[in-house]
Amino acid sequence: MKKYNFNAGPSILPREVIENTAKQILDFNGSGLSLAEISHRAKDFQPVVDEAVALIKELLKVPEGYSVLFLGGGASLEFCMIPYNFLIKKAGYLNTGTWAKKALKEAKLFGEAVEVASSADAGYTFYPKDYECPTDLDYLHITTNNTIYGTEIRKEPEVPVRLIGDMSSDIFSRPIDVAKYDCIYAGAQKNLAMAGVTLIIVKDDCLGKAPRQIPTMLDYRTHVEKGSMFNTPPVVPIYCALETLRWIKAQGGVEEMARRAEARAKVLYDEIDRNKLFRGTVEKDSRSLMNICFVMNDEYKDLEKPFFEYATQRGMVGIKGHRSVGGFRASCYNAMPMEGVEALVKCMQDFEKEH
Ligand code: PLP
């Protein structure tokens, strides 16, 4: 039976990305050594990093003056590296979910960090839009896609300050205006690669302004100066990222990724809105195209477990909602084919007919 991977992350990658990475793990560039065995300083590896950086700049139209880095530590390490490197007097955070809250918590260790807007009181069911953004912030931190709650901001907010974006779960799913950001970061394990590497896009002339000593490994300047090679980088995930970037380019770039994401999400949200058994969990204009969250309608609550089992038997993998939301979450990252979404919709329709 064909399986469709709706996991929230680590999650689906294009099959050819997995196959090409596996080939290089067995024999890197015909060297007779595995990609997992070579030094990051091997002469064949530098071109991997260079091509990946060049593709990121091309796909996201990164303007001059920005560096692209591959670091370890996951997006969670960036929660502390951001204020370490950028918080001078006061930082602002949009509290839009679990990850945003964690980022704010770390910033408070370094100085004044304020919650500029929050949807916590409403159970994070919308992405705040109407708020007053103070003008004296060093930066406003936003989580562009809230992986757990299924809300997303698909365009940079109009605010009078510089942005920092956690794009872990929607990077490369649409064009972005990089020039509005001092820093963008994303754990790789959704739209980019296997887990183990974090992508950072940082504006060079914003670095070195924070009034504190920064440990070498946590200072972005270290990694800018050494081209992500200050210490041993995660070689295999970086190679995997390169394969994904080649794939995105060959498919038509982030514009095409956006078109596909919109098409997939429309099919699934239309069914959620039509089917008597289900309802979406977030306000319509905040709906994420990447993580589509829905629950059973109250009168059908008892059918939650049976539907989960029914869908699992039909090849749907990873649709259980996060424990803080319940119900279901179908993550539809770039590599999810429309066929996968149609198979899930068919499950929902057939299950409805039986009840
Ligand atoms: N930010 C967002 C939006 C996420 O979805 C996640 C993980 O799912 C993280 C941060 C944390 O990423 P990591 O596990 O790489 O630290």
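The values are calculated or read from the model by the stated rules, or taken from the named source; none is laboratory data. Keep in mind it's a predicted model, so treat the numbers as computed, not measured. When we count neighbours, we look across all protein chains shown, and the Cβ atoms used for this are built from the backbone with ideal geometry, even at glycine. When the accessible area is computed, the model is the full protein with side chains, heavy atoms only, and any ligands, DNA or RNA have been set aside. Shrake-Rupley method; radii C 1.70, N 1.55, O 1.52, S 1.80 Å.
Think of region 194-343 as having a plus end and a minus end, set by charges on the Cβ of Lys, Arg, Asp and Glu; of C240, I201, Y220, Y220 sits farthest toward the positive end of this dipole.
Partners of K57 within straight-line reach, counting lysines whose Cα lies under 24 Å from its Cα and excluding those fewer than 8 residues away in the same chain: K43, K155, K180, K190, K203, K226, K249.
Have a look at K155, K203, K249 and tell me which one the Gaussian network model of the chain (Cα, springs below 10 Å) gives the largest fluctuation. Residue with maximal mean-square fluctuation among K155, K203, K249: K155.
Label sites at N29 and K226, each approximated as a point 7 angstrom past Cα along Cα to Cβ, lie 2.1 nm apart.
Normalised by the number of residues in the chain, the average gap of Cα pairs under 8 Å and 6 or more apart makes the relative contact order 24 percent. Expressed to the nearest 5 percent, the antiparallel share of DSSP beta bridges inside the chain is 55 percent. Screening the chain for whole DSSP H helices of 15 Å or more along their axis (Cα) with average Kyte-Doolittle hydropathy at least 0.0 returns 46-59, 74-86, 235-251.
Please state, rounded to one decimal and in Å, the Kirkwood hydrodynamic radius that the chain gives when every pair of distinct Cα atoms enters the mean of 1/r.
About 21.1 Å for the chain.
Could you rank W247, W99 by how accessible they are, 1.4 Å probe, largest area first? Walk me through the numbers on the way to the answer.
Details: W247 25, W99 90 Å².
Result of the area sort, largest leading: W99, W247.
Summing Lys and Arg as +1 and Asp and Glu as -1 over all other residues whose Cβ lies under 12 Å from the Cβ of G321 gives a net charge of +2. Expressed as a whole percent, the accessible area of the chain that falls on carbon and sulfur atoms is 52 (1.4 Å probe).
Of all lysines in the structure, the ones whose alpha carbon falls short of 17 Å from that of K3, not counting any fewer than 8 places away in one chain, are K320, K346.
Mean-square fluctuations from a GNM of the chain, with a 10 angstrom spring cutoff on Cα atoms, peak among K43, K129, K305 at K43. Solvent exposure of region 180-281 amounts to 38 Å² per residue of accessible area, where only protein heavy atoms count and the probe is 1.4 Å.
Put the Cα centre of region 280-330 next to the Cα centre of region 209-270 and the gap is 28 Å.
Would you please classify the overall shape of region 254-319 from the alpha carbon gyration tensor, given that a ≥ b ≥ c denote the square roots of the eigenvalues, rounded means a/c under 1.5, and beyond that prolate means a/b larger than b/c while oblate covers the rest?
Values: a/c = 2.64, a/b = 1.53, b/c = 1.72.
Taking the square roots of the gyration eigenvalues as a ≥ b ≥ c, region 254-319 is oblate.
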